[in-house]
1. Are any residues in the range 9-31 more than 21 Å from Arg74 (Cα to Cα) and surrounded by 14 or more Cβ atoms within 10 Å (Cβ to Cβ), and if so, which ones?
2. Provide a single number: the residues in the range 32-56 that are hydrophobic (A, V, I, L, M, F, W, C) and surrounded by fewer than 22 Cβ atoms within 10 Å (Cβ to Cβ).
3. Please state which one of Gly68, Gly42 is over 28 Å from Thr198 (Cα atoms) and at pLDDT below 95.
4. For the range 170-202, give me each residue that is more than 30 Å from Ala18 (Cβ to Cβ), surrounded by 14 or more Cβ atoms within 10 Å (Cβ to Cβ) and touching a residue at least 40 places away in the same chain (Cβ under 8 Å).
5. Is it true that some residue in the range 32-48 is in contact (Cβ under 8 Å) with a residue 24 or more places away in the chain, aromatic (Phe, Trp, Tyr) and more than 29 Å from Ala158 (Cβ to Cβ)?
6. So Glu89 clears everything in (1) surrounded by 18 or more Cβ atoms within 10 Å (Cβ to Cβ); (2) at pLDDT 95 or above; (3) of a type outside the set (Val, Ile, Thr); (4) touching a helix residue (DSSP H, G or I) at 6+ places or on another chain (Cβ under 7 Å) except one condition, right? Which one?
7. Quick check on the range 1-31: of everything there that is part of a loop (DSSP other than H, G, I, E, B) and in contact (Cβ under 8 Å) with a residue 24 or more places away in the chain, which residue is farthest from Pro58 (Cα to Cα)?
8. Name the single residue, out of those in the range 93-110 being under 13 Å from the mean Cα position of the chain (by Cα) and β-branched (Val, Ile, Thr), that is surrounded by the most Cβ atoms within 10 Å (Cβ to Cβ).
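The values are calculated or read from the model by the stated rules, or taken from the named source; none is laboratory data. Predicted model only: the values in this text are computed from it and were never measured. Don't worry about glycine lacking a Cβ; one is built from the backbone with ideal geometry, like all the others, and counts go over all protein chains shown.
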Amino acid sequence: MPNIPAREALARLRDGNARFVAGTPAHTAETLHIQRLQSAGGQSPFAIILGCSDSRVPAELVFDQGLGDLFVIRVAGNIVAPSQVGSVEFAAEQFGVRLVVVLGHSECGAIAATIAAVANPGDAHSKNIRAIVDRVQPAVEATQQGGASRTDSTFAAAVTRTNVRMSADHLRHGSESLERLIQRDGLVVVGAEYSVKTGSVEFFDGVPG
C-alpha cells in the first residue's frame, strides 16, 4: 500500500529537524518504547534517507523521528552504488515510500579525502576506499569545471552539494524501477545538506514547488 505523499513526508522531516535544532524532541524513552512494541510485527517508514556514515549525522535524531519511521541507508560520502540503489528500490516498492532524501553534510571526510586524492593522484588508498573516492571524484571535477578553485575555502562545500545533486540524479535516472515510480506513483527524490554546526537541514535539490 502507498505511504503518505512525498510533500507530507517532506513536511514531517522539516518539522522534525526544527524540533531537533530547537532542542525540543518529540520522541522520548516512553514513545520509543511504545514504537518498539508497535513495530515488532512490521515496519511502515514514510521516508527513505540515503545519508553519510559520519557519526555526527544520525538521520533519526536529525529529523526527530522514531523507530520504524525512516528507512535509512548510510555509506561514506552518501554515494550511490548498486547496493544503495537496490536498497532504495526495495523500500519504495515494498513499503510504498514516496520520498527519498539524499542527505549530505558539511565537513564531510569523504569529500575532503576525494579532493586530496584528486590533487595528489599518486597517494595510495585501499581498493575499497578507492571505490568510494572514485564515485565522489566526478563531483570534484564538475565543481572545478564550474570555475571553483581547490584553494577556495568554499570549494569543499560546493563539492558537497554537487555530490548530493549527482547522487540524487543517479537515483532518478539510474533505475527503471525508480523511474517508473517517479512517473506513475509520485515518488520524489530530493537532495539536502545537514550543517554539523547548526544542526539544520536545507533541502535544495528537486524540492517540489
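1. Ala18, Arg19, Val21, Pro25, His27
2. The qualifying residues number 4.
3. It is Gly42.
4. Hits for the range 170-202 are Ser175, Ser177.
5. For the range 32-48, residues in contact (Cβ under 8 Å) with a residue 24 or more places away in the chain, aromatic (Phe, Trp, Tyr) and more than 29 Å from Ala158 (Cβ to Cβ): present.
6. (1)
7. Here the answer is Met1.
8. Ranking the qualifying residues of the range 93-110, first place goes to Val102.
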